[in-house]
Each structure stands twice: as C-alpha cells, then as structure tokens.
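The structure appears right after this line, and notes come after that.
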Amino acid sequence: MRIVALKESHPGETRVAMVPDLVGKFVTLGYEVGIEPGAGENALLSDDLYTAAGAVVSADAVDDADVVISVQPPDESVIRRLRPGAATISFLPAQSCLPLISLLRERHVTSFAMELIPRISRAQSIDALTSQSLVAGYRCAIVAVEALRRFFPLNMTAAGTVPPAEVVVLGAGVAGLQAIATAKRLGAVVRAYDVRPSSAEEIASMGAHPIDLELETLEGAGGYAREMSEDRAARQRELLTPYVAAADALITTAAVPGREAPRLVTRQMVEQMAPGSVVVDLAADSGGNVEGSRPGETVQIGHAQVWGGSNVPAQMPGPASRLYAQNIVNLVTLMTADGAFAPDFEDEIVATSCVTHGGDVRHEPTRALLE
Ligand code: NAD
C-alpha cells in the first residue's frame, strides 16, 4: 500500500499534509510513503528531511498511489492520474468543489473530507477544523498585538501607569477561545461574546469577561450556533456597539456551519472606535463578520485598521501542517487493517466523512447539490 502527500497547488496554500516526523507512523502501519518534490518547502520542510525519515520523494508518486493526502482538494489533473479504487483525504468543501466531486465519482475514487469528520469525542484527534482553528485563533491575537501601537499588559512604572489594552472577541468557539487565551497571556483585558449557552462559562474559564447581552442563546445541531434572524442580528449589533467602540482591538471569529459568516459589526460601529484601534476579522473570506473587511487585505474604516483573514492557518505553516498531519495519521490509522487501507463504512467517522465511493456520492447533502 502506498500513501502519497501532494505538493499543494492552491494559491497561497503553504501547508503540507505530511511532515517528516510522522512518516514513521505510516511506515509502522505498513505503508510505503511517497511525497511530491518540494511539497514541504513552504513549511520549511526540505525533501531531504522526508527522505531521511524514510519517504520516497518522486514526481511520479501519485501514479501508483493507493491513498493521496493533501490539505486543499486534489486538482483535476491529480484525480485523472488516480486508479479506480484509490482514495483521497483532504478538505473538500462541497459548495466550491462540485466539478471535482463529480470527477471523483466518475473515476471511482473514494474521497474523504476532513471538514465532515463528526464532532464526537472519539474523533477529537482527527478533527482538523479544530486543529486549524486553534492556529487561526492564535494568529488573530498576534496580528492584533502587532498592529496595535500600544502595550497589551498593564505597566506600572516610576514614570507612571500604562493601562492594559481592551480586547473584545466576538465568537468564542475554538478559534475565539484561542484568541482570548493568547490575548490574556499577553496581559490584555478581554471581553467576549458568543451566542451558544455554554460560551459564558468557557470564556470565563480563560480569565476573560463574558459579555451578557441578555438575548436568547442560539444553539443548533451538534452544539453549533444557529443562524440569527435579521431582527435578532440588528438587536445584537445595537447592544454590542458600546463594547466595540470601547475596544482597542476587536477580534471576530463567528461562524455558522454551511452559511455565510454572520454580520456582527457594521461600518458605523467600527467608525466609533478610537484612533489607533485595530479590527481582525477571521471570517473575512467566508463573507466577513465585519462590514467592509476584505480577505487578505488591511483597510482603513474610520480611525481603525481592519485586517481581513484569508486562509489564516497557512500563515503559520509549520505548526498548522504538524497538527493537520497528525489528524491525517489518526484517520488513516482508523482506516487501516493488517497493513491495508480498508475503511469500515459501518464506522461513524468513516461513513460521515466519506464523500464519494465506488462511483457514488455517499454524502447526502453533496449528492443533493449535484442533482
Ligand atoms: P464555528 O467555527 O462554527 O463558529 C465559531 C463560533 O462562532 C462558535 O462558537 C459560534 O457559536 C459562534 N457564533 C456563531 N454565530 C454567532 C453570532 N451571531 N454571534 C456571536 N458568535 C457567534 O465553531 P467551532 O469553533 O468549530 O466550534 C463550535 C462548537 O463545537 C463549540 O461548542 C465547540 O466546543 C464544539 N466543538 C466540539 C468538538 C468535539 O466534540 N470534537 C470539537 C470542536 C468544537
């Protein structure tokens, strides 16, 4: 059995699905490990490191692969090189990948989507949405620190006292909690808001102050947030306005699965922020939590610099790749028996994350999109 990691071709993607440190795990499972030349170079992982770890670096590696692993979906030319019955493991967002998914089906390739791994305890070590959100949340706090021209912590000196920065975090899921933890470690006073009922306790456990807007909580399926009605969204924005206006740094990380990012902050709200303030919108490339933010750019709104995130985990390719590669190792381990790649479709994790298999689209919502 041969498992092969691709060199990512998606613009701006710096991560890689396999790291030299983990090659040995696949070898122990019974795989030959192949890697495309230069696959790790943007994460500062040279071909020599992979070779020393026991992988074969080859431009033809894909041709006789049983399993192909990548961060972004494999492109059409890769899928056409795979033999029927081969498997791919990557992120595979249905909305933007329908032609690729059709091709995977047509070519009888079995594909697994990392964003479909169920959020259950047994799958935590495979959950790449969590591992990559952790990286993104940390990075958001660091971007805010870098852009803000003032101290994060309180400083009491002989020359006087400098108050700490006031940071507001909206959306306290995996990324938001990591942004909170990072901002707290750097000494800021942090306030945070989320619509889920358990979030106040989670925010407080990080040493931050939960913002209580006295609005109904919004919990949907699987512990995720539900979408807001337009009335609820308007009321939430109104109640959040004074908190946003008082923030030196505003970090937004709110998301609702399968939907555009909720609009939490209007341009008018940002215009009330003081000179020198900073806004970091992690959700910029899924529609934006902040009106006017642009993915991959910093724009000025009123007195504030507004930074829009774009594939933020790729801005820390070393740790992001390490965590993602460990998620992949754990998934492949689950799907390997006696040295062979043998996914058990009775297993919830396998069944839920499989998109195509044996010439069918097994993931119901994706099949509906294709019909
Ligand atoms: P996510 O990326 O989908 O969303 C980020 C956050 O935005 C969520 O906390 C959500 O409640 C919040 N949000 C949505 N609409 C909002 C609004 N209008 N205003 C403010 N905040 C809003 O979520 P996530 O970070 O992936 O995790 C969401 C939940 O899943 C959390 O409860 C988390 O603890 C849980 N989780 C469970 C597992 C597991 O059991 N394996 C793994 C990861 C996360």
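Residues of the range 216-243 that are surrounded by fewer than 14 Cβ atoms within 10 Å (Cβ to Cβ) and either touching a Phe, Trp or Tyr at 6+ places or on another chain (Cβ under 8 Å) or not hydroxyl-bearing (Ser, Thr, Tyr) (or both): Glu216, Gly220, Ala221, Gly222, Gly223, Glu230, Asp231, Ala234, Glu238, Pro242.
Among the residues making up the range 148-207, those that are more than 27 Å from Ala128 (Cβ to Cβ) and either of a type in the set (Ser, Thr, Tyr) or assigned to a helix (DSSP H, G or I) (or both) are Thr157, Thr161, Ala200, Ala204. For the range 10-40, a residue qualifies if it is more than 24 Å from the chain's Cα centre (by Cα) and either part of a strand (DSSP E or B) or on the phi > 0 side of the Ramachandran plot (or both), and the qualifying residues are Gly30, Glu32, Val33, Gly34. For residues that are within 9 Å of the ligand (Cβ to nearest atom) and buried (at least 19 other Cβ atoms within 10 Å of the Cβ), tally how many sit in the range 193-207. Qualifying residue count for the region: 4. Being closer than 24 Å to Asp285 by Cα, of a type in the set (Gly, Ala, Ser) and away from the ligand (no atom under 15 Å from the Cβ) is true for just one of Ala249, Ala179. Which residue is that? Of Ala249, Ala179, the one residue that is closer than 24 Å to Asp285 by Cα, of a type in the set (Gly, Ala, Ser) and away from the ligand (no atom under 15 Å from the Cβ) is Ala249.
The residue that is farthest from the ligand (Cβ to nearest atom), among those in the range 153-174 that are of a type in the set (A, V, I, L, M, F, W, C) and within 26 Å of the chain's Cα centre (by Cα), is Val167. Quick check on the range 319-338. Is at least one of its residues without any contact (Cβ under 8 Å) to a residue 40 or more places away in the chain and in contact with a Leu (Cβ under 9 Å, 6 or more places away or on another chain)? Looking through the range 319-338, none of the residues is without any contact (Cβ under 8 Å) to a residue 40 or more places away in the chain and in contact with a Leu (Cβ under 9 Å, 6 or more places away or on another chain).
On the stretch given as the range 95-126, residues that are crowded, with 21+ Cβ neighbours inside 10 Å and either within 16 Å of the ligand (Cβ to nearest atom) or within 30 Å of Ile180 (Cβ to Cβ) (or both) total 4.
Values quoted throughout were computed directly from the atomic coordinates according to the rules given, and no laboratory measurement underlies them. Here the structure is a predicted model, which means the values were calculated and not measured. Note that each Cβ is placed from the backbone with ideal geometry, even for glycine, and that neighbours are counted across all protein chains shown.
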